[in-house]
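Some notes on the structure that comes next.
Laboratory data are not the source of any read-out in this text; all were calculated from the coordinates shown. If you're wondering where the values come from, they're calculated on a predicted model, not measured in any experiment. So basically every Cβ, Gly included, is an ideal-geometry build from the backbone, and we count neighbours across all protein chains shown.
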Amino acid sequence: MEGRPLLFKELIVGAERFILSRRKETGGFGSTPRLPATVEDTYFALAGLKTCGGLRSDVRTLNFLLEQDFRRMSPEVKVKWLKSLLWLGGSPPGDFKSQIKKCLKRPPQRLSALAALAEIERLLGAEPGELLSLRIYVRRLTFRTLRDLYYLFKILEEDTFSAEVCNTIIGSQNPDGGFGFFQGTTSYLENTYFACRLMKALGLRPRDPEGLKFFVLNTHRKDGGFARAPGGVSFLETTYYGLWILLRFPTLLS
């Protein structure tokens, strides 16, 4: 944490405390103190810790992940399970790759699922040409929200979008500094995260960097976590989003 402003150091300490407060005896993480651990919450907890430099090897969490049946997971959950496993030094069972190949033969309609499958393939070492059919397939789909564009980018992995798309991303920033689902809609932290990931990848800058920082800091809660919007409730997912924007988005670090 050396070299970071004192405010960010305090945010990191508080965020780590919040994340670890959601850890269960099983080693997994749950969205509230009373709810059981899930793969999704465990992923966002680990992603948050990784973002702020607090991720450590944890045998109990690794065992929790290995005990989950990946065959019953949606592609969106599978990719979170796989990334969590790899971060902790684990590896998927031998039949995991063959199951993903079966999924790709009959790709789902959901853009989020297609993006998850593409990311899994890359994590498993697929060559770029192996995803060509998936890239051709998604170009036929309709895109509307920042989330859609984020998933599209994860599939195509192209560092250029049309000027119109770039203007759509930048134009989705609201007067409060946050980003909506698309232009003219309410700001939420997840949309702001998708916008920042796209802007970083495409070399774009927000129209109002200070407003962006102000919005994200306003989603920070007294318990150390971050909410979807100012005044909301902290969750592991939104805490990861807030940490990533503040600590990894170059515009806010300069």
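Connecting C-alpha atoms closer than 10 Å in a GNM of the chain, tell me which of Thr168, Thr38, Thr185 has the biggest fluctuation. So, out of Thr168, Thr38, Thr185, the one fluctuating most is Thr185.
Using a 10 Å cut-off around each Cβ, can you sort Glu121, Glu76 from fewest to most neighbouring Cβ atoms? Walk me through the numbers before you get to the answer.
On the way: Glu121 21, Glu76 16.
With the sparsest Cβ surroundings first, the list reads Glu76, Glu121.
Pairs spanning more than 30 Å between alpha-carbon atoms, out of Lys78/Lys213; Lys80/Lys105; Lys78/Lys222: Lys78/Lys213; Lys78/Lys222. Once C-alpha pairs closer than 8 Å and six or more residues apart are averaged by separation and normalised to the residue number of the chain, the relative contact order reads 18 percent. Between Leu49, Ala118, Ala163, the Cα set farthest toward the positive side of the dipole of the chain (charges on each charged residue's Cβ, about the Cα centre) is that of Ala118. Here the range 153-196 and the range 73-119 have alpha carbon centers that stand 26 Å from each other.
Just want the ordering: Ile120, Ile170, from fewest to most Cβ atoms lying within 10 Å of their own Cβ. Let's see the in-between values first.
On the way: Ile120 23, Ile170 18.
So the residues, fewest neighbours to most, are Ile170, Ile120.
Cα extents for the range 1-126 along the principal axes, largest to smallest and rounded to whole angstrom: 50, 32, 26. Of the trypsin sites (Lys or Arg not before Pro) found in the range 38-107, the ones in coil according to DSSP and having at most 15 other Cβ atoms within 10 Å of their Cβ are Arg56. Helical content alone sets the calculated 222 nm signal of the chain at -16500 deg cm²/dmol, taking -39,500 (n - 2.57) per DSSP H segment of four or more residues and averaging over every residue.
Semi-axes of the equivalent ellipsoid of the chain: what are they in whole Å, largest first, if each equals the square root of 5 times a C-alpha gyration tensor eigenvalue?
28, 26, 15
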